[in-house]
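Notes for the one structure printed next.
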Amino acid sequence: MSAREQISALQERMAQSIIGQKDVIERLVIGLLANGNLLIEGLPGLAKTRAVKAMSQNLEADFSRIQFTPDLLPSDVTGTEVYHQSDTGAEFRFEAGPIFANIVLADEINRAPAKVQAALLEAMEERQVTVAGTTHKMPPLFIVMATQNPIEQEGTYPLPEAQMDRFLMHVRVDYPPVEDEVEVIRLVRAEDAAANAPKSKTNKEGPAPIPQQAVFDARTEIGAVTVSDAMDRYMADLVYGTRTPKALSDDLARWIEVGSSPRASLALDKCGRAHAWLSGRDYVDPADVRAIAHDVLRHRLTLTFEAQGEGVSADDIIDTLIELVALP
């Protein structure tokens, strides 16, 4: 099978476990292919954790889940030096923390204090951890998918805006349509029945997981996707428009306090090429950029108090931005 066929198979298998969240599945796969980290936000019970687990179960990858709590320490995430005593002598050995995995689920990241968040974000950015003067590299396939609950404020430590910029995309998970919720009920009922059924030798094992090499091959092909000079300028204009909103609209000037950093331009390029590749094209067009613009930009905008008072969201601002920035 080609890399595209294998990645398509991964999406199809994930869709069998996650009903009504097609866009979320696509964003998770784009994050995997673009070699970036994702912040997944949604109300409780919307299958955020299940979506990440579905990816890890169908991919040949080590999975690690960290449940963030207010009493967590940085060493609980990164690992620490442990003293070992034996007959031949004593030594300190590095015991790797749960961050050393291919797919890391950072569940409810906003429940951890600033020191733990910083330790995780450093590992995400540098792809390594230094303990006791020794640097430990992350595996070649490494992605952090962090979840957070948008409504709970008690016992939480919101991520600073500057640190949120390190996430490639900020994915929002919404309630599924009622028809899909009916399918969710039936799916979970069938899973419960299968789990409680007596084990039989005739039970067939599921298909083999998608190999990691398929992801690396896909990244190589995505790197060859053509991006025209006009598309480069279009992506730069979108990001630059968040920094100079007055030139586009008086409303944007009232709503945007701080615009996006150059990381936004890089993320638009990476995600746009991955979206084009998943769509079966070897070039990027404006539809690819517009498809992922909200996920790339929404956490990179700082809104004014006036915008918050008027009930204007980051997505509303991005909609206006897309309308005002000229197409190539």
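The values are calculated or read from the model by the stated rules, or taken from the named source; none is laboratory data. Computed from a predicted structure; not experimentally measured. All Cβ positions, glycine included, derive from the backbone under ideal geometry; neighbour counts span all protein chains shown. When the accessible area is computed, the model is the full protein with side chains, heavy atoms only, and any ligands, DNA or RNA have been set aside. Shrake-Rupley method; radii C 1.70, N 1.55, O 1.52, S 1.80 Å.
Give me the log10 of I(q) over I(0) for the stretch 158-231 at q = 0.16, 0.25 Å⁻¹, as the Debye formula computes it from C-alpha points; what are the numbers?
-1.06, -1.09
Mind listing the phi-derived Karplus ³J(HN,Hα) values for the stretch 40-47, rounded to whole Hz, using 6.51, -1.76 and 1.60 with θ = phi - 60°, and x for any glycine or proline?
So the Karplus estimates, Gly and Pro as x, are 10, 10, x, 5, x, x, 9, 6 Hz.
Given contacts defined as C-alpha pairs under 8 Å and at least six residues apart, what's the relative contact order of the chain, whole-number percent? Please report the intermediate quantities before stating the final value.
Details: 510 pairs, mean separation 66.6, N = 328.
20 percent.
If the only charges are +1 at each Lys and Arg Cβ and -1 at each Asp and Glu Cβ, what is the size of the charge dipole of the chain around the Cα centre, to the nearest 20 debye? Each step should come with its number before you reach the end.
On the way: 32 positive and 49 negative charges, 151 e Å.
In total the dipole reaches around 720 debye.
Go through 293-299, 115-121, 159-165 and give me the packing order, highest mean Cβ count within 10 Å leading.
Working: 293-299: 23.4, 115-121: 20.7, 159-165: 15.3.
Order by mean packing, descending: 293-299, 115-121, 159-165.
Under the rule of at least 5 residues apart or a separate chain, name every residue whose amide H is placed under 5 Å from the amide H of I210.
Counting only residues 5 or more places away or on other chains, the set is L59, E60.
Counting every Cα pair in the chain, what percent are over 32 Å apart? Working shown, then result.
Details: 19145 of 53628 pairs.
Looking at the chain, the distances longer than 32 Å represent 36 percent of pairs.
Of all alpha-carbon pairs in the stretch 56-103, indicate the percentage at a distance above 16 angstrom. Don't skip to the end; give the middle numbers.
Values: 624 of 1128 pairs.
Counting every Cα pair in the stretch 56-103, those more than 16 Å apart make up 55 percent.
Which value, in debye to the nearest 20, gives the size of the charge dipole of the stretch 44-127 about its Cα centre, when Lys and Arg are +1 and Asp and Glu are -1 at the Cβ? Display every interim value, and only then the final one.
Values: 8 positive and 13 negative charges, 102 e Å.
Here the stretch 44-127 has a charge dipole of around 500 debye.
Based on the Kirkwood radius over alpha-carbon pairs, what value in µm²/s does the Stokes-Einstein equation return for the translational diffusion coefficient of the stretch 166-311 at 25 °C and 0.890 mPa s? Present the calculation step by step, with values, prior to reporting the outcome.
On the way: Rh = 19.0 Å.
Diffusion coefficient, whole number: 129 µm²/s.
Could you list, bin by bin from short to long, the percent of Cα-Cα pairs of the stretch 71-153 in 5 Å steps?
Using 5 Å bins, I get a P(r) of 3, 13, 23, 22, 15, 10, 6, 4, 1, 1, 0 for the stretch 71-153.
Roughly what % antiparallel, to the nearest 5, for the DSSP beta bridges in the chain? Mind dumping the intermediate values first?
Working: 14 of 34 bridges.
That works out to approximately 40 percent antiparallel.
Which order do the peptides 10-16, 96-102 come out in when sorted by mean C-beta neighbours inside 10 angstrom, highest first? Kindly include the intermediate steps, with their values, before the conclusion.
Numbers: 10-16: 17.1, 96-102: 19.6.
Answer by packing, highest mean first, reads 96-102, 10-16.
Positive end of the dipole of the stretch 61-136, charges at C-beta (+1 Lys, Arg; -1 Asp, Glu), about the Cα centre: which of I109, P74, V131 has its Cα farthest in that direction?
I109
Would you grab the residues whose amide H sits under 5 Å from the one on V258? Only those 5+ places off in sequence or on another chain, please, with H modelled 1.01 Å from N.
HN-HN under 5 Å from V258: T302.
Accessible area, 1.4 Å probe, largest first: how do E181, E41 sort?
Largest accessible area first, the list is E181, E41.
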